[in-house]
Amino acid sequence: MTEKAFPEGFLWGGATAANQCEGAYLADGKGLSTADALPGGKIRLDLLSGYHDLTIDATKYTYPSHDAIDMYHRYKEDIKLFAEMGFKCYRISINWARIFPNGCESEPNELGLQFYDDVFDELTKYNIEPLVTISHYEMPLHLAKKYRGWSSREVIDYYLRFAETLFERYKDKVKYWLTFNEVNNALLMPILALGFGVQAGDKSRQRLLYQSFHHQAVANAKAIRLAERIMPDAVLGIMCMSAPIYPYSSNPDDVLTAFNREREYTYFCADVTIKGKYPYYAKDYFAKHGIELDIRDGDAELISKYRSKFLAISYYMSVTEKADKQEFCATPGSILGGVDNPYLKSSDWGWQIDPKGLHILLHKLYDRYEVPLFIAENGLGAKDKVEPDGSIHDSYRIGYLRKHIKAIKRAVQENVEVMGYTMWGPIDIVSASTGEYAKRYGFIYVNKHDDGSGDFARSKKDSFYWYKRVIQSNGEDLE
Ligand code: BGP
C-alpha cells in the first residue's frame with residue numbers, strides 16, 4: 001500500500017438532477033416530462049416499482065418538480081456557493097423536455113439550449129468542470145405516453161436526436177458525459193428509469209424491463225459512436241446504482257442468493273455496457289424467466305464496439321440477502337429490498353448506512369471492469385433543524401460523508417482508480433424516491449417545505465464549511 005491518497009485533479013464536487021432542482025416546469029417553451037407527472041409525497045414510493053398512468057391531477061396530488069428549488073432562476077447564486085466550497089466538478093442533468101418539448105420536434109428549443117449554455121458559462125467562470133447526465137429519470141411526457149417509454153425501439157432515435165443536439169452545442173464546454181442515470185434501475189424502478197410503470201405481478205414485466213434496458217444499451221452504444229465523431233476528446237461513462245450484496249449468513253443458500261442478486265442488480269447492466277456483451281449467465285436467467293428479447297442484427301456488434309469508458313456509481317447503502325426471507329424484512333423504505341443487516345444502522349428513510357461497503361464495492365467493481373470509477377452520488381438524506389439564529393448543525397451528515405470519503409481514500413491508496421466524487425445533492429432538493437423536501441442532503445439549506453411554505457432562500461449548514469476544508473486539502477483534512 002502506498003501513502004498516496006487522492007491524485008491531483010481529483011474531481012471533488014456535487015451532483016443534482018434537473019427535475020429535482022430546476023423547477024420552472026413550463027418556462028421558456030419547456031414541455032412536460034414524466035417527472036412532472038409523478039406525484040410527490042409518500043405515495044411515490046409505491047409507484048416506483050408499480051404502475052401509474054402519468055396523468056397530472058393537481059386536485060389529488062402535489063408535483064414537486066414543478067417548482068423544485070427554483071434553480072432555473074437561481075443557478076448563479078447556487079453555483080457561486082458551490083465555487084465558495086471549492087467545487088472542481090458539478091454533475092448536472094439536462095432536462096430533455098426543455099430541449100425537445102415533446103421529444104419528437106425536428107428543431108430544438110433554442111431557449112432551453114441557451115439556459116444550459118448559461119449554466120456552463122457560469123461554471124467555467126469558476127473553473128468548475130461539468131459532468132453531464134443526458135438522461136436522469138425523465139423523458140418528454142409525450143414520448144413516454146405515445147411509445148410506452150423505453151419499451152419501444154423508436155425512442156432510441158429520439159434519444160439520439162437529443163444527444164446529438166447536446167454534443168454539437170456543448171462540445172467545447174463539456175468533456176465528461178453520462179448517457180443514463182442509474183441504468184440498472186430500469187429493472188427495479190421503471191417509472192423513473194424507463195418512463196412507464198408496470199405492476200409487480202404483471203406476467204410481461206420482466207420481458208418488458210429487460211427489453212427496455214436493451215434499447216438503452218443500444219442507445220448508449222450509438223451515443224458513444226456519435227460522440228466519437230463529434231467530440232473525439234470527450235469521455236462517456238455509464239452510471240449504475242451500486243451496492244455490494246451480502247449473504248445474511250454463511251449458509252450456502254444465503255450465499256448463493258446474495259451472489260445471484262449481485263449479478264442481477266449490481267453487475268448485469270455494467271457487464272453489458274462496459275464489457276460490451278450480454279454475460280454468459282444472462283442466457284440461463286432469460287431462459288428460466290421466459291424472457292425472449294428482440295435483439296436486432298447489428299445490436300451485438302454496436303454494444304461490443306462502443307463501450308462506456310468509465311463506470312459512475314451512486315452509493316447509499318449495502319444490501320443483505322437471505323434465501324428464506326420469511327420473518328425478515330428490510331427496514332421500510334429500503335428501495336433495494338433485502339433483509340435488515342443487524343450490524344448496520346439505517347437512515348431516517350431506512351437506507352442502511354455502510355461506509356465499509358463502499359470500500360468493498362470499489363474493489364469489486366475495479367477488479368471486474370478495470371475502468372476508472374467515479375462516485376457520482378453519495379450522501380445522507382436527513383431532517384435538518386434550523387436554530388433560532390439560522391444556523392444548522394448537521395454533524396450527522398458530516399459524520400456520514402467523512403466515513404464514506406475515508407473508505408474511498410483507502411481504496412484509492414490501494415490503487416483503485418477513482419476519477420472523482422460528486423456528493424448528492426450539495427444543495428437541498430426534492431427527493432427522487434419520495435418526492436419530498438423534508439429529505440435533505442445539502443450543504444446548503446433551502447427554505448422550502450412540503451406544505452408549500454418557504455421562500456427558497458439559501459443558507460449554509462455546518463457541513464458547508466467542512467466540505468470546503470475537505471476539498472481545499474484534497475481529501476486530507478476530514479476532521
Ligand atoms: C438516486 C438518484 C437521484 C437521487 C438519489 C437519492 O437514486 O439518481 O436522483 O435522488 O438517489 O435518492 P432520494 O432522492 O430518493 O433520497
Tyr137: passes all of (1) away from the ligand (no atom under 16 Å from the Cβ); (2) touching a helix residue (DSSP H, G or I) at 6+ places or on another chain (Cβ under 6 Å); (3) in a loop (DSSP other than H, G, I, E, B) but (1)
Quick check: anything in segment 212-229 within 22 Å of Val339 (Cβ to Cβ) and either within 16 Å of the ligand (Cβ to nearest atom) or assigned to a loop (DSSP other than H, G, I, E, B) (or both)?
-> no
Please enumerate the residues belonging to segment 17-65 that are touching a Ser or Thr at 6+ places or on another chain (Cβ under 6 Å), at pLDDT 95 or above and assigned to a helix (DSSP H, G or I).
-> Ala18, Asn19, Ala35, Asp36
Exactly one condition in (1) touching a strand residue (DSSP E or B) at 6+ places or on another chain (Cβ under 9 Å); (2) free of Cβ contacts under 8 Å to residues at least 40 places away in the same chain is not met by Asn378; state its number.
-> (2)
Can you spot a residue in segment 418-433 that is within 16 Å of the ligand (Cβ to nearest atom), buried (at least 16 other Cβ atoms within 10 Å of the Cβ) and at pLDDT below 95?
-> yes
In segment 446-465, what residues are within 16 Å of Asp70 (Cβ to Cβ) and either more than 16 Å from the ligand (Cβ to nearest atom) or part of a loop (DSSP other than H, G, I, E, B) (or both)?
-> Asn447, Lys448, His449, Asp450, Gly452, Ser453, Gly454, Asp455, Phe456, Ala457, Arg458, Ser459
Selection from segment 240-258 of residues that are touching a residue at least 12 places away in the same chain (Cβ under 8 Å) and either part of a helix (DSSP H, G or I) or surrounded by fewer than 20 Cβ atoms within 10 Å (Cβ to Cβ) (or both) = Ser249, Asn251, Asp253, Asp254, Leu256, Thr257, Ala258
Subset of segment 1-15 [in contact with an Asp or Glu (Cβ under 9 Å, 6 or more places away or on another chain) and buried (at least 19 other Cβ atoms within 10 Å of the Cβ)] = Phe6, Leu11, Gly13, Ala15
Would you mind stating whether Leu236 is surrounded by fewer than 22 Cβ atoms within 10 Å (Cβ to Cβ), in contact (Cβ under 8 Å) with a residue 24 or more places away in the chain and under 23 Å from Gly298 (Cβ atoms)?
-> no
What are the pairs, 6+ residues apart or on separate chains, where a residue within segment 133-145 that is without any contact (Cβ under 8 Å) to a residue 12 or more places away in the chain has its Cβ under 8 Å from a residue that is of a type outside the set (A, V, I, L, M) and part of a helix (DSSP H, G or I)?
-> none
Which numbered condition Arg261 fails, given (1) surrounded by fewer than 22 Cβ atoms within 10 Å (Cβ to Cβ); (2) assigned to a loop (DSSP other than H, G, I, E, B) | (2)
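The values are calculated or read from the model by the stated rules, or taken from the named source; none is laboratory data. Everything quoted here is computed from the prediction, not taken from an experiment. All Cβ positions, glycine included, derive from the backbone under ideal geometry; neighbour counts span all protein chains shown.
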